[in-house]
Amino acid sequence: MSKSKTVIAEEKSTLFSVRFLISLLLIVGGIAWLVFYYAQARGNPLAFPPVEGSPKAVADLGRWNYAIGFGVLMLGLIVSAHPSTPLGRGRGVVVGMLACFLIGLLWICTFYVFSDDLSSLWVFNDLGQWNLVVGIAFMAVGFSFATKWE
């Protein structure tokens, strides 16, 4: 049986479909959440005495902020792996798949190379062994693109 043709030709021809704009918003939102937490809400736990972050509601979430930020980022990438988006059809699928595989591989390799002293690498220093989960999550998103490859 052939694949379902639920995406109409008009959706395939437009560059900025609603799904693509939502996926871009999710990707940018996830990155923005990570940057905001690391730069503002986290504070400085290495200072003596430790500096509290603000706003307190976000700072109290602690490492869950990384789950939120990376989760929204990964969700945006998964949403973009649909034929109605440029990354979900044609060469975009291959680009998205290989990019996610390579980012995941580089994330894990960077973690292993610098695992003796992660203090100088942003985000890596807070995540510790959870860096492996982030790298594997990027690779898993790459597989979501691989299922769309024809």
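Every number here is computed from the coordinates shown, using simple stated rules; none is lab data. Here the structure is a predicted model, which is why all the values come from computation and not from measurement. Neighbour counts run over all protein chains shown; Cβ positions are idealised from the backbone, glycine included.
Observations on the model:
- In this calculation the C-beta distance from Arg91 to Leu132 is compared with R0 = 41 Å, giving a FRET efficiency of 0.85.
- J(HN,Hα) series, the range 130-138, from Karplus relation 6.51 cos²θ - 1.76 cosθ + 1.60, nearest Hz, glycine and proline x: 5, 4, 5, 5, 5, x, 5, 5, 4
- Considering only Gly29, Pro83, Ala59, and ranking their Cα positions along the charge dipole of the range 15-146 that arises from unit charges at the beta-carbon of Lys, Arg, Asp and Glu, the one farthest toward the positive end is Pro83.
- Contour excess over end-to-end distance, with Cα ends at Trp64 and Leu24 and 0.36 nm allotted per residue: 12.2 nm
- Helix content alone sets the calculated 222 nm mean residue ellipticity of the chain: runs of n ≥ 4 DSSP H residues at -39500 (n - 2.57) each, divided across all residues, give -18500 deg cm²/dmol.
- Each distinct pair of alpha carbons in the chain adds a 1/r term; the inverse of their mean, the Kirkwood radius, is 16.9 Å.
- Note on Thr110 and Ala47: their simple-model spin labels are 2.5 nm apart, each label 7 Å out from Cα toward Cβ.
- The range 39-59 and the range 84-121: distance between their alpha carbon centers, rounded to Å: 29 Å
- Relative contact order [Cα under 8 Å, 6+ residues apart], the range 15-146, whole percent: 27 percent
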